[in-house]
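These notes are about the structure you will find just below.
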Amino acid sequence: MFEGAVLNYIGTTKIKIVEGKEEYSTLGSLSHPSISKKRYILQEVKTKTIDELVDQYSLDPGFMKVDVEGMEHLVFDGSKDVLKTKRPVILSELSDYLLKKNGSSAIEVINFIRSYGYNIIDTQTPNIPPQMKEFTNILCVPKEIQSRI
């Protein structure tokens, strides 16, 4: 079992923990509108990549859920081998607002995942291509799986 944070490097980092609202804790900018004025504590945690964890524990992930308050770009950056070889279906929160506060954007994340041969569906508006909404969820399906459906 790994207790720590998943990013694009192995080492340590400090996480901002919002007491009483831990689900909004983040490694990045504390920008979510519902906690922007809340106090937080810093705690140092170990970091690993998804690629490292999959290798270390001999995992074969078929599904990934990613919801990391605007740091999704770093999680996916540390998942390149998994995206290329394991091909999991992915459900991810996507917030252009939070991503921009942390040095990325929704379109950058979408293009990154697409570059690994994934179709991306906005779960709120599945018949419309993913937009740069303030908050949404995306379903990422490898093209070879979706073609069989």
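Which residue out of 45, 66, 75 is closer than 26 Å to residue 18 by Cα, out of contact with any Leu (no Cβ under 6 Å at 6 or more places or on another chain) and touching a residue at least 60 places away in the same chain (Cβ under 8 Å)?
75
Name the pairs whose Cβ atoms lie under 6 Å apart, with the first residue in region 113-131 and farther than 10 Å from residue 141 by Cα, the second hydroxyl-bearing (Ser, Thr, Tyr), and 6 or more positions between them or separate chains?
As it stands, the answer is 122/136; 124/136, since those pairs meet every condition given.
Of everything in region 99-109 that's at pLDDT below 95 and aliphatic (A, V, I, L, M), which residue is farthest from residue 28 (Cα to Cα)?
That would be 107.
Give region 13-29 a look and list any residue that's surrounded by 12 or more Cβ atoms within 10 Å (Cβ to Cβ) and either farther than 13 Å from residue 68 by Cβ or at pLDDT 85 or above (or both), or say none.
Initial filter on region 13-29 (surrounded by 12 or more Cβ atoms within 10 Å (Cβ to Cβ)): 13-18, 21, 24-29.
Matches in region 13-29: 13, 14, 15, 16, 17, 18, 21, 27.
Looking at 85, 136 in this structure, which one is free of Cβ contacts under 8 Å to residues at least 60 places away in the same chain and surrounded by fewer than 16 Cβ atoms within 10 Å (Cβ to Cβ)?
Among 85, 136, only 85 is free of Cβ contacts under 8 Å to residues at least 60 places away in the same chain and surrounded by fewer than 16 Cβ atoms within 10 Å (Cβ to Cβ).
Only one of 107, 113, 90 is among the aliphatic types (A, V, I, L, M) and surrounded by fewer than 18 Cβ atoms within 10 Å (Cβ to Cβ); which?
The conditions single out 107.
From the residues in region 120-130 that are within 17 Å of the chain's Cα centre (by Cα) and either among the hydrophobic types (A, V, I, L, M, F, W, C) or assigned to a loop (DSSP other than H, G, I, E, B) (or both), which one is farthest from residue 91 (Cα to Cα)?
Ranking the candidates gives 130 first.
Search region 37-68 for residues being at pLDDT below 95 and within 22 Å of residue 89 (Cβ to Cβ), and hand back the single one that is surrounded by the fewest Cβ atoms within 10 Å (Cβ to Cβ).
Here the answer is 67.
Given the criteria more than 20 Å from residue 52 (Cβ to Cβ) and touching a residue at least 40 places away in the same chain (Cβ under 8 Å), does residue 91 qualify? So that I can check it myself, show each step before the final result.
Values: more than 20 Å from residue 52 (Cβ to Cβ): yes; touching a residue at least 40 places away in the same chain (Cβ under 8 Å): yes.
In short, yes.
Check 121, 128 and return the single one that is among the β-branched types (Val, Ile, Thr), closer than 30 Å to residue 35 by Cβ and surrounded by 15 or more Cβ atoms within 10 Å (Cβ to Cβ).
Result of the check over 121, 128: 121.
The values are calculated or read from the model by the stated rules, or taken from the named source; none is laboratory data. This is a predicted model, so every value here is computed, not measured. All Cβ positions, even for glycine, are placed from backbone atoms using ideal geometry, and neighbour counts span all protein chains on display.
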